[in-house]
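Visitor: The following block contains the structure, expressed as structure tokens.
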Amino acid sequence: MDQVIGTLNGAPFTLGETLLELSYLLAALLFVFGLKLLSHPESARRGNLWAAAGMFLGMLTTLLLHKNEEGSGIALANVWIILAAIGVGSAIGWIVARKIKMTAMPQLVSLYNATGGAASMLVALLEFPNADMNNRGSVLVTLLGLIIGAVAFSGSMIAYGKLDGKVGDIRSGLVKYVNILLMIITFGLAAFMMFPGQIPVQLNWAIYLLMVLSLVYGVMFVMPIGGADMPVVISLLNSFTGIAAAMAGFIYHNQAMILGGILVGAAGTILTVLMCRAMNRSLLNVIVGAFGGGTASEGKEQGEMKEITMSDAAILMSYSRNVVIVPGYGLAVAQAQHVCHELDELLATKGVNVRYAIHPVAGRMPGHMNVLLAEADVPYEQLVEMESINPDMPNTDVVVVIGANDVVNPAAITDPGSPIAGMPIIQAHEAKHVIVMKRGRGKGYAGIENELFFNEKTRLLFGNAKDTLQKLVTEIKSL
Amino acid sequence: MEPILQFFFTYKEAIFIIALSVFLGIEVISNVPSVLHTPLMSGANAISGVIIIGGIILVGHADASQLSAELILGILAIIFASLNVVGGFVVTDRMLEMFKKKKK
């Protein structure tokens, strides 16, 4: 592999180097191809495998063929240490990924995102002493990799904590100013470090300080963001990790890393935009967290919430032709997806056409409801997106809202003063009957009354979604 | 102005790659159905573990004759990145397997 096969600009290059670059090209192509297949249901699984193959190829050829860049031709040493580290990480990753419950998926995605960010942060930290201080570009990408990686790491850890219920929200207006200050200090320090003529060793204190500042910023950035905004935050942090990896790609002049990282950055950004659009809010609005403030026009009293008995609900649903189930975070919390599927199968045997209406931001991460229901073996053909189900609503006999609130609040359409005005909703109020399963009389995340619950057509079943569904299934069976 | 131009010239290939892959990423992933949002995110997340190549190069050229902070942090970076890569791809596969099996 050390055979010199030609020269480029006077520098000789070997067969090994050429094969390495070729393998990076192939890996990058596999990433693109994999992502392309991942965006269609039929081919998604193959796409994931192709992308994984690309990653394996890149790792393998780096291990076998990478040489020191200065042309001294020193091959990689410490191969056993590297293999052991990969072994440890892979084993943990594999076991956790196999064992984890599907309901814990948002946490897991955040956790893995955190580890990716941490790796980027560490690589940038360790490469800083090797940076050419007179080449501002090279210093810039190293510092950016460090900052973005650190924010992705600590931010994802906080997101993980929040999704797991271990970390609460800070809802103080002060956080906004603290964050702006932190950001100014962080970038100020980074700018100072970029002045040419400095020696990296003298800046050791600065690089560690920069890392700590970025970590603190990541924490403070996610802290004030509420649960219902989690889909946006997770997507955003995901794109950060990608960008951080791309920055590291600059350090190593590694095109596979640059391309892979930027692809992930783009994917994360697209999801972020989609999630924001589904809530009709700007990204800035989500980050600053100006939601649920007192400026909302107070919902007028709309009479009383009317309850329904289990047997009436069972009869109503059994003798319907079209039933649409609207799942929300309450379904995930109660882990009611299996019994929910039991209900839809039972109704199907009675000739009822049951479908699920999925709002893009239902749950705590993009596509959360789809994953939950897929786990319970609900065929994905039965899961209908909001835009496709809304025209069918007037022909729907019963809409069953399970643990969802703001995504079916008609105020988004009717009340221009509402904080959720303009947010696309599932138009449950157009259906003939609405049954709402709710834990209590509380408000949704947006902190506003939902006039759907007071509607003439609406009846409520209070209680934990799983228990309620279980009783309903028993009731329908005994009909 | 000069530093910016210098930056561009030094990294002209990489900047081309970035500019094009942003477009490529948007083209490849736009119009993804919401069914696939979670697997797409976790699959993309696994790809961002490509940083592992950086970790391998770093530790590969580190001095392992003594236990230095650099070596330990480098090893940590590889462990984290491989967790991200393997865990990400495996969990994505598990999710997609669930989507697949109910095709009657």
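Visitor: Nearest 5 is fine: what % of DSSP beta bridges in the protein assembly as shown come out antiparallel, could you say? Kindly include the intermediate steps, with their values, before the conclusion.
Guide: Numbers: 5 of 28 bridges.
Looking only at bridges with both residues in the protein assembly as shown, the antiparallel portion is about 20 percent.
Visitor: Give the span of region A:328-372's Cα atoms along each principal axis, as three whole-Å numbers ordered largest to smallest.
Guide: 33, 19, 14 Å, listed from the longest principal axis down.
Visitor: Which of A:Lys101/A:Lys350; A:Lys438/A:Lys471; A:Lys432/A:Lys471; A:Lys438/B:Lys100; A:Lys162/A:Lys438 have a Cα-Cα distance over 25 Å?
Guide: In this structure, A:Lys101/A:Lys350; A:Lys438/B:Lys100 exceed 25 Å between Cα atoms.
Visitor: For region A:104-291, just the Cα set please: Rg and Dmax, both in angstrom.
Guide: 16.4, 50
Visitor: Tell me the mean residue ellipticity at 222 nm calculated for chain A from its helices only (DSSP H runs of n ≥ 4, each -39500 (n - 2.57), averaged over every residue, nearest 500).
Guide: Working: 17 runs with 266 residues, N = 479.
Helix contribution divided over all residues of chain A: -18500 deg cm²/dmol.
Visitor: Could you run the Debye sum over the Cα atoms of region A:1-68, one equal point scatterer each and no solvent, and tell me log10 of I(q)/I(0) at q = 0.17, 0.19 Å⁻¹, two decimals?
Guide: -0.64, -0.72
Visitor: Given labels modelled 7 Å from the Cα in the Cβ direction, how far is it in nm from A:Asn9 to A:Thr414?
Guide: 6.9
Visitor: Could I ask something else about it? What's the whole-number percent of alpha carbon pairs in region B:37-101 lying beyond 17 angstrom?
Guide: Of all Cα-Cα pairs in region B:37-101, 48 percent lie more than 17 Å apart.
Visitor: Running Debye on region A:348-402 with equal point scatterers at the Cα sites and no solvent, what base-10 log of I(q)/I(0) appears at q = 0.18, 0.19, 0.22 Å⁻¹?
Guide: Here log10 of I(q) over I(0) equals -0.65, -0.72, -0.95.
Visitor: Oh, and also: Please report A:Ser320, A:Ser239 as a ranked list, fewest other C-beta atoms within 10 angstrom at the top and most at the bottom.
Guide: Least crowded to most crowded, the residues run A:Ser320, A:Ser239.
Visitor: More than 21 Å apart: what percent of Cα pairs in region A:1-131 qualify?
Guide: Numbers: 5047 of 8515 pairs.
Beyond 21 Å sits 59 percent of the P(r) for region A:1-131.
Visitor: Another one. Evaluate the Debye formula for the protein assembly as shown with equal point scatterers sitting on the alpha carbons, no solvent, and hand back log10 of I(q)/I(0) at q = 0.07, 0.09, 0.12 Å⁻¹, in q order, two decimals.
Guide: So the normalised log intensities work out to -0.45, -0.71, -1.12.
Visitor: Now a separate question. Are there any helices in chain A, counted as whole DSSP H runs, that stretch 20 Å or more along their axis by Cα and score at least 0.5 on average by Kyte-Doolittle, and if so which?
Guide: Membrane-span-like by this criterion, though nothing is claimed about a membrane: A:15-38, A:44-65, A:79-99, A:105-127, A:136-163, A:174-193, A:204-222, A:230-251, A:255-279.
Visitor: If one computes P(r) from the Cα atoms of region A:73-182, what percent of pairs lie at distances over 23 Å?
Guide: On the way: 2989 of 5995 pairs.
Summing the P(r) tail past 23 Å for region A:73-182 gives 50 percent.
The numbers here are math on the coordinates, done by the rules we state, and not lab data. Everything quoted here is computed from the prediction, not taken from an experiment. Glycine also receives a Cβ, built like all others from the backbone with ideal geometry; neighbour counts cover every protein chain displayed.
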